[in-house]
Amino acid sequence: MPATTTTNPAKRSGVETLKEASRRLRGALAEELAAPGSQVSEDGYNLIKFHGSYEQFDRDTATALKQKGQEKEYSFMVRVRMPGGRLSAAQYLTLDALSDRYSNSTLRITTRQGIQFHGVLKGNVKPTLAAINQTLLTTQCACGDVVRNITTSPVPLRDARHARVEADAVLLSRALLPNSRAYHEIFLDEAPVDGAGEEVEPLYGPTYLPRKFKIGFATPDDNSVDVLSNDLGIVAIFEGDRLRGYNIAVGGGLGMTHNRPDTYPRLASFIGSMGPDELVAVTEAVIRLQRDNGDRGDRKRARLKYVVDDKGIDWVRAGVGANLGHPLADSLPMKPFAVPELLGWHAQGDGNWWLGVPVPSGRIADTGGARLRSALRAVVERYNTDPTMTPHQDVLLTNIAPADRDGVTRLLREHGVALAEDISPLAHWTLACPALPTCRLALTEAERAREPILASIEAALGRHGLANERLSLRITGCPNGCARSYTGDIGLVGRVPGAYAIYVGGDFAGTRLCFKLFERVKQADLVARLEPAFAAFAADRQPGEGFGDFCHRLGHDALLALIAAASAQSEAAD
Ligand code: SRM
Ligand code: SF4
């Protein structure tokens, strides 16, 4: 099927016009990056995303500078695309060194197993991307209206099953890169050749996709990636070591815009399965469906999830079959999803071990107490361990010989690093997005509010004998859901400065969305709202029931009534 631009050009958003006129994502980016000044133009802002970077500004200083009539402090975020979060020791050390040379001396593990640099000045964007490329990594298509970094089970078990899924994720990631050489010309000084700017994009077409497109791989044993929050979720089904095929789920996505009820989080729906050798063909068939039917007029409603809801699952299944040339096979039977424990020491199955190290909010930094960045660098340097980033923003140090285990632990402890055994289950399963000061869309704090929020909820759980309860908490500074705040047990979603909407009722395995319990609660009042629910959970839970399951069973109205009754009681007692 030929790539079309849009069915109704009159309805195209400005970004669509820009993409089409950009000479396959070049625009004037090379000139803009070389020009003086700390910013790029609006077109440059939109185009540079395709190459893995966002222009940002320091939100902490912006207002004061504006009042003084001065320019904001602009810098760029750079995101590495690394399928499944896998890095070699050498690659990790290069990224670590780059964070000192060009950014704010931190590395930020993302919820999609990527790595971000923050605070890269405009003049350093090109050298940063070039250096990343020299270490055989890329930032190409880490952002933008294309297929983003593909996530997959981080479990570093050295067996045929894990090797197969990991290899397929890498294969798919490579197959879905665009043909444009813009990245190589702008950032890697590749000379333009005949046809540059007019490359044929058989998959994407001249306007690429209507919006970002996310793909995740899971197995029933490991849904760490929250596979159903992706536009396309791919679930590997094995029989022994033989890959029977992949179940396919479409239309996941978590972002929503407040006051736009026609935008909402949605979990992907299963539409069938594909044979092991159909991976690229079926994936491309799904992408082409979104390319040709996604909304190119309204970027807030441009994800595949809205096509799925507007047209219906049967239409989508038939459309994918038509793009493929034959109907999709039925879904393969699969057992329920689980999320495994990855932190701490685990045998890899090949004689070596991995150590899962918690990284609060994914921020690899040296802070007063804990010198996590120095510690990881020292371990990777000394023991040549290959790090894997997890969708829970943690790092797995892999390929450690049994004889080195004590040395690794000692080195981390010497740097003051908290290990799995030092933190609560809640801390272990808490995610927080970057939010302020870097994210332009943040309405309030997330990463910087993680510790106080976590401490207050830990204390409340402790008061009800739930200190050892496995419970997931996800904090975001706005409704876009970057830390997957609508799945899991509790989601705190930034509404206005200092206040959050409270979501509950999802499940630990990521198969059910949360519902909104409160619209706007000040940070200081979060625990007062949640604690009656913790008390009821401790008293009335059913065997094996998690907190999210309990909230789901009670439902919105009963939970609210219970919390209101508890508040009335405590006010009467005061
Ligand atoms: Fe995200 C936009 C950070 C995972 C949904 N996200 C942003 C931006 C780039 C803000 C912007 O557009 O100016 C944030 C940059 C902040 C900063 O300072 O670094 C940002 N998103 C992140 C990261 C770093 C959060 C984290 O804590 O790690 C994650 C980077 C992943 C990566 O390596 O690619 C990140 N974002 C997610 C996820 C989770 C996932 O994919 O598993 C989601 C929810 C799933 C989804 O896509 O629906 C997510 N981010 C969004 C959205 C809402 C998109 C939508 O269509 O509804 C936006 C806003 C947008 O695109 O307009 C957004
Ligand atoms: Fe920014 Fe909102 Fe994403 Fe947090 S959830 S990183 S505040 S866009």
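Derivation of every value follows stated rules applied to the coordinates shown; laboratory data play no part. Note that the coordinates shown come from a computational prediction; the quantities given were computed from them, not determined experimentally. Cβ sites come from the backbone with ideal geometry, for glycine too, and all protein chains shown count toward neighbours.
One table, with the values for the structure above:
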read-out: Condition met for Arg529 (more than 24 Å from Asn480 (Cα to Cα) and either assigned to a helix (DSSP H, G or I) or small (Gly, Ala, Ser) (or both)); value: no
read-out: Tally, over segment 264-296, of residues that are within 21 Å of the chain's Cα centre (by Cα) and without any contact (Cβ under 8 Å) to a residue 40 or more places away in the chain; value: 1
read-out: Filtered residues of segment 494-524 (kept if in contact with a Leu (Cβ under 7 Å, 6 or more places away or on another chain) and within 30 Å of Ala218 (Cα to Cα)); value: Gly494, Ile502, Tyr503, Val504, Gly506, Gly510, Thr511, Leu513, Leu517
read-out: Extreme residue, farthest from Asp330 (Cα to Cα), among residues of segment 260-291 that are part of a loop (DSSP other than H, G, I, E, B) and not β-branched (Val, Ile, Thr); value: Arg260
read-out: Single residue of segment 85-113 satisfying the filter (within 12 Å of ligand 1 (Cβ to nearest atom) and closer than 17 Å to Thr398 by Cα) that is surrounded by the most Cβ atoms within 10 Å (Cβ to Cβ); value: Gln113
read-out: Test: residue in segment 402-414 that is within 16 Å of ligand 2 (Cβ to nearest atom), within 27 Å of Pro340 (Cβ to Cβ) and of a type in the set (Lys, Arg); value: no
read-out: Hey, Ala182 buried (at least 18 other Cβ atoms within 10 Å of the Cβ), touching a residue at least 60 places away in the same chain (Cβ under 8 Å) and either over 26 Å from Arg296 (Cα atoms) or within 12 Å of ligand 1 (Cβ to nearest atom) (or both) or not; value: no
read-out: Asp540, sole failed condition from (1) surrounded by fewer than 17 Cβ atoms within 10 Å (Cβ to Cβ); (2) farther than 30 Å from Lys335 by Cβ; (3) away from ligand 1 (no atom under 16 Å from the Cβ); (4) not hydrophobic (A, V, I, L, M, F, W, C); value: (2)
read-out: Test result for Ala218, within 16 Å of ligand 1 (Cβ to nearest atom), more than 24 Å from Cys478 (Cβ to Cβ) and either touching a residue at least 40 places away in the same chain (Cβ under 8 Å) or not hydroxyl-bearing (Ser, Thr, Tyr) (or both); value: yes
read-out: Residues that are outside any helix (DSSP H, G or I) and without any contact (Cβ under 8 Å) to a residue 60 or more places away in the chain, drawn from segment 356-380; value: Thr367, Gly368, Gly369, Ala370, Arg371
read-out: Which listed residue is assigned to a loop (DSSP other than H, G, I, E, B), within 16 Å of ligand 1 (Cβ to nearest atom) and at negative phi, from Thr257, Thr207; value: Thr257
read-out: Failed item, numbered, when Thr138 is tested on (1) closer than 30 Å to Trp353 by Cα; (2) buried (at least 23 other Cβ atoms within 10 Å of the Cβ); value: (2)
read-out: Residues (of a type in the set (Lys, Arg) and buried (at least 19 other Cβ atoms within 10 Å of the Cβ)) located in segment 266-300; value: Arg266, Arg288, Arg291, Arg296
read-out: Residue in segment 480-492 that is more than 29 Å from Asp60 (Cβ to Cβ), of a type outside the set (Lys, Arg), crowded, with 17+ Cβ neighbours inside 10 Å and more than 16 Å from ligand 2 (Cβ to nearest atom) present; value: yes
read-out: Wholly within segment 389-494, strands (runs of 3 or more DSSP E) carrying at least 3 residues that are away from ligand 1 (no atom under 16 Å from the Cβ) and of a type outside the set (Lys, Arg); value: 395-400
read-out: Flag if Gly251 is surrounded by 19 or more Cβ atoms within 10 Å (Cβ to Cβ) and either of a type in the set (Lys, Arg) or in contact (Cβ under 8 Å) with a residue 12 or more places away in the chain (or both); value: yes
read-out: Residue selected from segment 415-463 under the condition away from ligand 2 (no atom under 16 Å from the Cβ) and acidic (Asp, Glu), by the criterion surrounded by the most Cβ atoms within 10 Å (Cβ to Cβ); value: Glu458
read-out: Segment 191-206 residues that are within 21 Å of Ala175 (Cβ to Cβ), paired with ones that are among the hydroxyl-bearing types (Ser, Thr, Tyr) (beta carbon under 6 Å, 6 or more apart); value: Glu199/Ser180
